[in-house]
Amino acid sequence: MSGNEKLKPLVIGKSKKLRCFKNVKSLPVEYEANSNAWITTMIWERHIRKLDSQFSYQKIHVAIIVDNCTAHNQPENLKAIKIVFLFASNVTALLQLLDQGIIRDFKRKYKKMLVKD
């Protein structure tokens, strides 16, 4: 809530092993691969369970607000995460910051910082 804790962003790409990162030991993002580069129910659930175990270990309870994407399901037996669904349809672009150009800005700034490092 204070903004002190920042999670690694989840990036979904097409390739399981990217050639440009072949000698890189770790990335500053969580990377998953899918042939469409879209989130699937399996990727979503794996990511949420990983976050749940992390938050359970830290004894933190969080609420994650998600849209009505079909991949976003409610995994069972979550200990530290409560999933809250937006029920309004066709307003995703208004309610979600990522659909308001933040993804483009994030990618631009991330690439700039990557080149700088």
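Structural remarks
- A cut-off under 12 angstrom between Cβ atoms defines the neighbours of Asn34, and their net charge, with Lys, Arg +1 and Asp, Glu -1, is +2.
- The chain, helix-only ellipticity at 222 nm - DSSP H runs n ≥ 4, -39,500 (n - 2.57), divided by all residues, nearest 500: -10000 deg cm²/dmol
- Degrees separating the helix 41-58 axis from the principal Cα axis of the chain, which is the longest one: 80
- Farthest toward positive dipole pole in the chain [+1 Lys/Arg, -1 Asp/Glu at C-beta], among Ser35, Ile65, Leu114: Leu114
- Put a dot 7 Å past the Cα of Phe106, heading toward its Cβ, do the same for Asp67, and the two dots end up 1.2 nm apart.
- Accessible area of the range 1-60 belonging to carbon and sulfur atoms, whole % at 1.4 Å probe: 55
- Net charge, Ile12 excluded, C-beta distance under 10 Å - Lys, Arg +1, Asp, Glu -1: -1
- Lys pairs, the range 1-60 - Cα-Cα below 24 angstrom, 8 or more residues apart or on other chains: 18
- Accessible-area rank, largest first, for Ile39, Ile83, Ile65: Ile65, Ile39, Ile83, with all protein chains present and a 1.4 angstrom probe.
- Relative to the longest principal axis of the Cα atoms of the chain, the long axis of helix 102-116 makes an angle of roughly 40 degrees.
- Net charge of Cβ neighbours under 14 Å - reference Val62; Lys, Arg +1; Asp, Glu -1: +4
The values are calculated or read from the model by the stated rules, or taken from the named source; none is laboratory data. Note that this is a predicted model, so its numbers are computed, not measured. Don't worry about glycine lacking a Cβ; one is built from the backbone with ideal geometry, like all the others, and counts go over all protein chains shown. The area values use the complete protein model at the heavy-atom level, side chains included, leaving out ligands, DNA and RNA. Shrake-Rupley method; radii C 1.70, N 1.55, O 1.52, S 1.80 Å.
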